[in-house]
Amino acid sequence: MALAVALEMEPVLLEVTRSIHGAWRIARLDPDALAYFNVTADGFWRSFSALILVIPVYIGFLILSHSHQPGLELPTGPGTSVEWFVTVKLVSFVASWLIFPLVMVAISRLLDLTQTYAQYIIVWNWASVLEMAVFLPAVMLFLSGALPGQGAAMILMAAYITMLFYGYLVARIGLLCKPVTAVGIVVFNFLLGWLFNGLASQLL
């Protein structure tokens, strides 16, 4: 039984590792990075399993960032429990992740990019794992106070700019769109995340 389950999981794990490697190849500006992704219908739905990899890391970040840390303004007061803070922030995070692909359906139709919509979402989902692996350590370094305030802030800003540029590369290779279109999609995704984070803050 265990062997059968392991054999059944092997192709899935291979797809996960290949997809994350593909996300890394995008960061390295590899024009053939798309070949590492499963751009079939099954690959589209399985790409949302990237959430399973990201959520535990994000929960750990939320727990650590709940307490007031020097240099970071968090909407946490004496009455805000860790459980409520993590729940609200996590729901906001997952909602913004899932709503973006839905909104992108309309955007791709408007921009005549429906043929590349599915492969973009596949790449975007897996690329989010790599983004989290880069951005959250920078945030935690900022929170820890291990570096002087200005140095930590510069590292955080550099990580943020890198993440936005990476999102641009993902849009370019996934949607096969013009640079200005890719920039617009990155800006939209940023604003969507900012909106959901703001709504979550209102509940804390």
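Restricting to the stretch 28-39, give me the number of residues that are among the β-branched types (Val, Ile, Thr) and either loosely packed, with under 14 Cβ neighbours inside 10 Å or closer than 14 Å to residue 130 by Cα (or both).
Here is the first cut: in the stretch 28-39, the ones among the β-branched types (Val, Ile, Thr) are 39.
Filter once more, keeping what is either loosely packed, with under 14 Cβ neighbours inside 10 Å or closer than 14 Å to residue 130 by Cα (or both): none.
So the answer is 0.
Residue 112 passes all but one of (1) free of Cβ contacts under 8 Å to residues at least 24 places away in the same chain; (2) in a helix (DSSP H, G or I); which number fails?
Every listed condition holds for residue 112 apart from (2).
Being surrounded by fewer than 19 Cβ atoms within 10 Å (Cβ to Cβ) and either at positive phi or of a type in the set (A, V, I, L, M, F, W, C) (or both) is the filter here; which residues of the stretch 40-58 pass it?
41, 44, 45, 48, 51, 52, 53, 55, 57
If you go through the stretch 52-63 one residue at a time, do you hit one that is at pLDDT 95 or above, part of a helix (DSSP H, G or I), under 29 Å from residue 12 (Cβ atoms) and among the hydroxyl-bearing types (Ser, Thr, Tyr)? Quick ask: steps written out before the conclusion?
Of the residues in the stretch 52-63, the ones at pLDDT 95 or above are none.
Checked the stretch 52-63: no residue is at pLDDT 95 or above, part of a helix (DSSP H, G or I), under 29 Å from residue 12 (Cβ atoms) and among the hydroxyl-bearing types (Ser, Thr, Tyr).
Of all residues in the stretch 167-194, count the ones that are free of Cβ contacts under 8 Å to residues at least 12 places away in the same chain and either at positive phi or exposed (fewer than 14 other Cβ atoms within 10 Å of the Cβ) (or both).
Taking the stretch 167-194 as the starting set, the residues that turn out to be free of Cβ contacts under 8 Å to residues at least 12 places away in the same chain are 172, 178-180, 184, 187, 191, 194.
Remaining after also requiring either at positive phi or exposed (fewer than 14 other Cβ atoms within 10 Å of the Cβ) (or both): 178-180, 187, 191, 194.
Counting residues in the stretch 167-194 that are free of Cβ contacts under 8 Å to residues at least 12 places away in the same chain and either at positive phi or exposed (fewer than 14 other Cβ atoms within 10 Å of the Cβ) (or both) gives 6.
Could you list, in sequence order, all residues of the stretch 158-204 that are more than 17 Å from the chain's Cα centre (by Cα) and of a type in the set (S, T, N, Q)?
Within the stretch 158-204, 181, 201, 202 qualify.
With the structure loaded, tell me whether residue 100 is modelled with pLDDT of 80 or more, among the aromatic types (Phe, Trp, Tyr) and either more than 19 Å from residue 186 (Cβ to Cβ) or loosely packed, with under 13 Cβ neighbours inside 10 Å (or both) or whether it fails that test. Step through it out loud before you land on a result.
Details: modelled with pLDDT of 80 or more: yes; among the aromatic types (Phe, Trp, Tyr): yes; either more than 19 Å from residue 186 (Cβ to Cβ) or loosely packed, with under 13 Cβ neighbours inside 10 Å (or both): no.
It is false that residue 100 is modelled with pLDDT of 80 or more, among the aromatic types (Phe, Trp, Tyr) and either more than 19 Å from residue 186 (Cβ to Cβ) or loosely packed, with under 13 Cβ neighbours inside 10 Å (or both).
With (1) surrounded by 14 or more Cβ atoms within 10 Å (Cβ to Cβ); (2) in contact (Cβ under 8 Å) with a residue 12 or more places away in the chain; (3) more than 23 Å from residue 63 (Cβ to Cβ) as the list, and residue 158 as the residue in question, which single condition is left unmet?
If we test residue 158 against (1) surrounded by 14 or more Cβ atoms within 10 Å (Cβ to Cβ); (2) in contact (Cβ under 8 Å) with a residue 12 or more places away in the chain; (3) more than 23 Å from residue 63 (Cβ to Cβ), just (1) comes out false.
The values are calculated or read from the model by the stated rules, or taken from the named source; none is laboratory data. Predicted model only: the values in this text are computed from it and were never measured. No Cβ is skipped: glycine too gets one built from the backbone with ideal geometry, and neighbour counts run over all protein chains shown.
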